[in-house]
Amino acid sequence: MRSAVKIPLVVTEQQAAILDGQSKIANWLYNKLLEIANGLRRQYRGSQDKEVGRTLYTERGLRDLIPDLKEHHPFLKTVYSSPLKNVALRLSLAIRSYQDGKHGKRKKPVNWPRFRAWKRSWFSLQYDEAWKGYDLAGHTLTLSLGKDAAGKQLKLSVALSEALPAWVNREHIRQCRIVKEGHLYCVVFTVERKLPGGKPLQRVVALDPNHKNFAYAVGTDGKATEIQNPYFLKSLDKRIARLKSKRDRCKKKAKKITRQDGSTFWLPSRRWLYLNARLQDVYRKRRDQTKVYLYTVANRLYHDYDAVGIGDYVPHGGGITKKMRRSMNNQSLNRRFKHVLSWVALRSGKAYLEWEEGGSTRTCHDCTYTVIEGIPPEVRAWDCPNCSRSHIRDENAARNGLTRTLKALGVPCSGRREVSSRRVWRFNGLGLTSGVR
Ligand SMILES: [Zn+2]
């Protein structure tokens, strides 16, 4: 099984500047190669020259241009060979994806690659061979950079903020990538290992997020779990709504102030400022409590299972009524939950994916009959018109989700997924309590 481990780095200002410099050069190379590729593309359209086509459209065509570029732009030599090589491979892959899309080999067509702005996204540094160009001793990661003008190998040592997780051995590590997220530099190790017993991904669970509860889960262990919404959301949202309307009523009392230079601004009343501060407090509380909730659920899921698949559907639309607004709250909760899940998966060396939700509710899991007109949201249980089996709405969807998750994971799947027991998870502020449905 292939997974990844992400660990934040502790870098000094000087080390950050070096990493930024390497990333900038990689970004420059990407844009340079794209400029060349754009030229080749025009040329190829005119001439259909095979040599041009080979450079432009094969996996390693652009990579072969690097040695020549290094001669003309010696600063490229200050970056280690594999990150440079990976810049070219990345661009070639993007071009090939574009080609595949054009020829209908992909579900969705993709655009021809575009120039990248380094300021907008930090170009990651990829060392794609096991222990080539990087080494780890305790908490110290040493990266090989390029060579200086005298041909001397440059290196950079940075500290990991924490040790590798216990399940990762040195021989499991295949690749190493340096990324920057916000202000944080991280190393991502790609890890490949066999799970005990040689059977990968034995315990898999699929989640169907919906409006009625937070999510409904069905696992290969036959357990169906209704994961309830956090209890505190409703009351906090009510408080937020109340404070907001009170605060906004004070808007009228704002005073228009004219500065000495003649420009004007609105000075809110003291009551507005007071209510706004209270409101921000409640928002903060909501954020903090939600975070605890999401991590608690994610940790529990990855404690019980090796892989989690979650439905990809995100309902959208304007919120006019209270009920709609509430379900929209659920939406952003959902997005955050996906983030948290993928992060916990990364940290624990387990798998995360999203399964395509289209039609999962209206399709009978047992006989695959599809109710064409769909099943209205208020119908919580239904009988299949074809095979007459009874379904709990969300459970049927989650069972379909489990089949799709297993398929996406490439796990051999034996048709129907039975549910042998049902339970409810409730969050009590500290942990999850499990109850009977
Ligand atoms: Zn049926």
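The values are calculated or read from the model by the stated rules, or taken from the named source; none is laboratory data. For clarity, every value in this text was computed on a predicted model and none was experimentally measured. No Cβ is skipped: glycine too gets one built from the backbone with ideal geometry, and neighbour counts run over all protein chains shown. For accessibility, only protein heavy atoms count, side chains too; no ligands or nucleic acids. Shrake-Rupley method; radii C 1.70, N 1.55, O 1.52, S 1.80 Å.
For the listed peptides 362-368, 24-30, a ranking on the average number of other beta carbons within 10 Å per residue, highest first, reads 24-30, 362-368. If the chain linking Tyr283 and Ala159 were pulled fully straight, counting 0.36 nm for each residue of separation and taking away their Cα-Cα distance, it would gain 41.1 nm.
Overall shape of the stretch 108-219 was characterised from the C-alpha gyration tensor. The equivalent ellipsoid obtained from it has semi-axes of 34, 24, 15 Å, in decreasing order. Surface analysis of the stretch 161-244 yields an accessible area of 49 Å² per residue, using protein heavy atoms and a 1.4 Å probe. Surface composition of the stretch 1-127: carbon and sulfur make up 50 percent of the accessible area, probe 1.4 Å. Which part of the stretch 21-50 falls in the paramagnetic zone of Asp68, meaning amide N under 12 Å from the point 7 Å along Cα-to-beta-carbon? What the label zone holds, given the 12 Å backbone N cut-off, is 36-37, 40.
The order of the peptides 10-21, 121-132 by mean Cβ neighbours within 10 Å, most packed first, is 121-132, 10-21. Each peptide among 236-247, 42-53 gets the average number of other Cβ atoms lying within 10 Å of its residues, and from highest to lowest they stand as 236-247, 42-53.
With a simple spin-label model that places each label point 7 Å from the Cα along the Cα-to-Cβ direction, the separation between Lys24 and Glu356 comes to 4.4 nm.
Given R0 = 25 Å, the distance between the Cβ atoms of His303 and Thr142 translates into a calculated FRET efficiency of 0.15. Using Cα positions and a limit of under 15 Å, work out the aspartates and glutamates in reach of Lys119, with same-chain residues fewer than 8 apart set aside. Output for Lys119: Asp20, Glu181. Straight-line cross-link reach from Lys252 at under 16 Å between alpha-carbon atoms covers these lysines, not counting any fewer than eight positions away in the same chain: Lys244. Once you reduce the stretch 221-294 and the stretch 65-99 to the center of their Cα atoms, the two points are 49 Å from each other.
Summed over the residues of the stretch 9-95 and divided among them, the accessible surface reaches 51 Å² per residue at a probe radius of 1.4 Å.
Only lysine pairs 8 or more places apart or on separate chains count here, and in the stretch 2-90 those with Cα atoms under 14 Å apart total 6.
Per residue, the solvent-accessible area of the stretch 344-437 (1.4 Å probe, heavy atoms of protein chains only, all protein chains present) comes to 52 Å². Applying a threshold of 27 Å to the alpha-carbon distances of Lys212/Lys338; Lys234/Lys255; Lys180/Lys234 flags Lys234/Lys255; Lys180/Lys234 as lying beyond it. Let me make sure I get this right: for the stretch 1-106, a, b and c are the square roots of the gyration tensor eigenvalues over alpha carbons, sorted descending. Under 1.5 in a/c it's rounded, otherwise prolate if a/b > b/c, else oblate. Which is it? The shape class here is oblate. Rounded, prolate or oblate: which fits the stretch 79-134 when a ≥ b ≥ c are the square roots of the eigenvalues of the alpha-carbon gyration tensor, with rounded for a/c under 1.5 and prolate only if a/b beats b/c? Because a/c hits 1.5 or more and a/b fails to exceed b/c, the stretch 79-134 counts as oblate. Two numbers describe the Cα atoms of the chain: Rg and Dmax, which are 27.0, 80 Å.
Relative to the present Cα-Cα distance, how much length would full extension add between Leu184 and Arg336 at 0.36 nm per residue of separation? Here the answer is 52.8 nm.
Out of the total accessible area of the stretch 186-298 (probe 1.4 Å, heavy atoms of protein only), what percent is carbon and sulfur?
52 percent
Judged by the ratio a/c of the largest to the smallest principal axis of the C-alpha gyration tensor, the stretch 368-437 counts as oblate, that ratio being 1.5 or greater while a/b is no larger than b/c.
Could you give the Stokes-Einstein D for the stretch 136-196 in µm² per second, using the C-alpha Kirkwood radius, 4 °C, 1.567 mPa s? Provide the component values of the computation, followed by the final result.
Details: Rh = 13.5 Å.
So the translational diffusion coefficient is about 96 µm²/s.
Rounded to two decimals, the Cα radius of gyration of the stretch 156-253 over 2.2 N^0.38 Å is 1.85.
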